[in-house]
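Peer 1: Below is one structure. I have some questions about it.
The values are calculated or read from the model by the stated rules, or taken from the named source; none is laboratory data. Just so we're clear, the structure is a prediction, and the values are computed from it rather than from any experiment. Heads up, the Cβs are rebuilt from the backbone with ideal geometry, glycines too, and the neighbour counts pull from every protein chain shown.
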Amino acid sequence: MNSHSLSLAFPSPPLNVYYFFAKLEYMPRTYLGEFELIVMLAVIRLHESAYGVPIVKEIEEHTGREASIGSVYATLERLEQKCFISSSVGESTPERGGRAKRYFRVTKAGLREVSKTRQALTKMWEGLPILERRPA
Amino acid sequence: MKTHPPAIATWLLERLIRRSQREALIGDLFEEFIRRGSPHWYWGQMLKAIAIDFAHRARTEWFAVVFAGVWITMLAQVWPHIMMTLGSQPLIWLGIGWPWPLSLLCYVAIFTAATTVSLWIGLVLYFVLTRRFECRSLLRGMAVTSVLDLAINTGSLFFVGRHRVGIYMISWLPLFVALLVSMIAGRAVGSRGANKSTA
């Protein structure tokens, strides 16, 4: 039996099958954690001026919870790996010790994910009278 | 109000944070420091950023975590034999027989040397196994190991004084962390040489 007939007997899968499994393997998780959602919303609120310092301030102002710059960067990196945000390097200024800013922007996939998360949370909220009672 | 953040903290950030985040993160900390003017805040943010970055690396570099765990477990098993071998050397007893505090310093030096060499062997083995055996990586890893190990052994002196237990009651968890940190710090140099960040 030559190699040609062997390949006919055991056909190798087409390239797109390998591509499918490779994609499946590297496909990021697509749900958002609580802090991820907060960071995404802060980036959306800030539009063009979303970089580390304003993002932290936005979170602290609106949630009343202290956030460290390191934890925000770790979350932003995770979101970028999931393709929910993209980043670009900005200008360096003297008040930053000559270091460049890194601006973040929410992608279309990110916006879709925020919307899906909101819908899911709203549905979970519905029909829970214990949470609708307001404190006297 | 201070206009420059603590230089040592910035120096540590420049060396211990991954390249992909370093520039923007240090710039942000600098900018916020100018507004707040609090070195205490800056040190706190620096420690948190380094801890978070190392936690991220530990998650992605699982082989380093497993290797450090196995090495430290093995070391804990053979440690009594190492101590017995060291204890049979008359030269060591000569140093320990000196008056206090020289005897204590000698004691700490012996233990630090023994644990540091044990961690160095683990470090070399790790770099060989991961095929990242570069002089710069190894030297940096060894330097980090030595500093951390000395800090652990010196820190344990306070524990000795407070709880009246021998310094030989070393805790293996700090040594595990020391080995892991030095492996990751060494790898960071290697990957910088290859012009990519350790993600």
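Peer 1: What number goes with the only condition from (1) within 14 Å of chain A (Cβ to nearest Cβ); (2) in contact (Cβ under 8 Å) with a residue 24 or more places away in the chain that B:GLY27 does not pass?
Peer 2: For B:GLY27, the exception is condition (2).
Peer 1: Right, another one. From (1) within 14 Å of chain A (Cβ to nearest Cβ); (2) of a type outside the set (Phe, Trp, Tyr); (3) part of a helix (DSSP H, G or I); (4) in contact (Cβ under 8 Å) with a residue 24 or more places away in the chain, pick out the condition that doesn't hold for B:THR3.
Peer 2: Evaluating B:THR3 over (1) within 14 Å of chain A (Cβ to nearest Cβ); (2) of a type outside the set (Phe, Trp, Tyr); (3) part of a helix (DSSP H, G or I); (4) in contact (Cβ under 8 Å) with a residue 24 or more places away in the chain leaves (3) as the failure.
Peer 1: Report yes if some residue within the stretch A:76-96 is facing chain B (nearest Cβ under 8 Å) and under 11 Å from the mean Cα position of the chain (by Cα); otherwise report no.
Peer 2: Yes, because at least one residue in the stretch A:76-96 is facing chain B (nearest Cβ under 8 Å) and under 11 Å from the mean Cα position of the chain (by Cα).
Peer 1: Additional query: Output the number of the condition that B:LEU104 fails; it satisfies all remaining conditions of (1) in contact (Cβ under 8 Å) with a residue 12 or more places away in the chain; (2) under 24 Å from B:LEU173 (Cβ atoms); (3) touching a helix residue (DSSP H, G or I) at 6+ places or on another chain (Cβ under 7 Å).
Peer 2: (3)
Peer 1: For a quick check of your reading of the model, give me the residue pairs whose first member lies in the stretch B:51-79 and is away from chain A (no Cβ under 14 Å), whose second is outside any helix (DSSP H, G or I) and not basic (Lys, Arg), with beta-carbon atoms closer than 9 Å and at least 6 apart or on different chains.
Peer 2: So the pair list comes out as B:GLU61/B:THR198; B:PHE63/B:THR130; B:ALA64/B:THR130; B:PHE67/B:THR130; B:TRP79/B:TYR168; B:TRP79/B:ILE170.
Peer 1: Take the stretch A:23-39 and flag every residue that is within 14 Å of chain B (Cβ to nearest Cβ), crowded, with 16+ Cβ neighbours inside 10 Å and modelled with pLDDT under 95. Can you show your working first?
Peer 2: Step one: of the stretch A:23-39, the residues within 14 Å of chain B (Cβ to nearest Cβ) are A:26, A:28-29, A:35, A:39.
Among the residues that remain, those that are also crowded, with 16+ Cβ neighbours inside 10 Å are: A:35, A:39.
Within the stretch A:23-39, A:PHE35 is the sole residue that qualifies.
Peer 1: I've got another one for you. Going by the conditions given, is A:VAL72 among the β-branched types (Val, Ile, Thr), in contact with a strand residue (DSSP E or B) (Cβ under 6 Å, 6 or more places away or on another chain) and either more than 8 Å from chain B (Cβ to nearest Cβ) or surrounded by fewer than 18 Cβ atoms within 10 Å (Cβ to Cβ) (or both)?
Peer 2: Working: among the β-branched types (Val, Ile, Thr): yes; in contact with a strand residue (DSSP E or B) (Cβ under 6 Å, 6 or more places away or on another chain): no; either more than 8 Å from chain B (Cβ to nearest Cβ) or surrounded by fewer than 18 Cβ atoms within 10 Å (Cβ to Cβ) (or both): yes.
It is false that A:VAL72 is among the β-branched types (Val, Ile, Thr), in contact with a strand residue (DSSP E or B) (Cβ under 6 Å, 6 or more places away or on another chain) and either more than 8 Å from chain B (Cβ to nearest Cβ) or surrounded by fewer than 18 Cβ atoms within 10 Å (Cβ to Cβ) (or both).
For every residue, the table says whether it meets (1) of a type in the set (Ser, Thr, Tyr); (2) crowded, with 17+ Cβ neighbours inside 10 Å; (3) not assigned by TED's automatic domain parsing to the domain that holds B:ARG140.
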position: B:ASP28; (1), (2), (3): no, yes, yes
position: B:GLU31; (1), (2), (3): no, yes, yes
position: B:ARG35; (1), (2), (3): no, no, yes
position: B:TRP41; (1), (2), (3): no, no, yes
position: B:GLN45; (1), (2), (3): no, yes, yes
position: B:ILE52; (1), (2), (3): no, yes, yes
position: B:PRO101; (1), (2), (3): no, no, no
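Peer 1: Out of B:PHE54, B:PHE30, report the one residue that is of a type in the set (Phe, Trp, Tyr) and more than 18 Å from B:VAL181 (Cα to Cα).
Peer 2: Working: B:PHE54 fails: more than 18 Å from B:VAL181 (Cα to Cα).
None of the other options fit; the residue is B:PHE30.
Peer 1: Determine, yes or no, whether A:ALA42 is surrounded by 16 or more Cβ atoms within 10 Å (Cβ to Cβ), modelled with pLDDT of 95 or more and either under 17 Å from the mean Cα position of the chain (by Cα) or not in a loop (DSSP other than H, G, I, E, B) (or both). Even if it seems obvious, please write down each step before you answer.
Peer 2: Numbers: surrounded by 16 or more Cβ atoms within 10 Å (Cβ to Cβ): yes; modelled with pLDDT of 95 or more: yes; either under 17 Å from the mean Cα position of the chain (by Cα) or not in a loop (DSSP other than H, G, I, E, B) (or both): yes.
Answer is yes for this residue.
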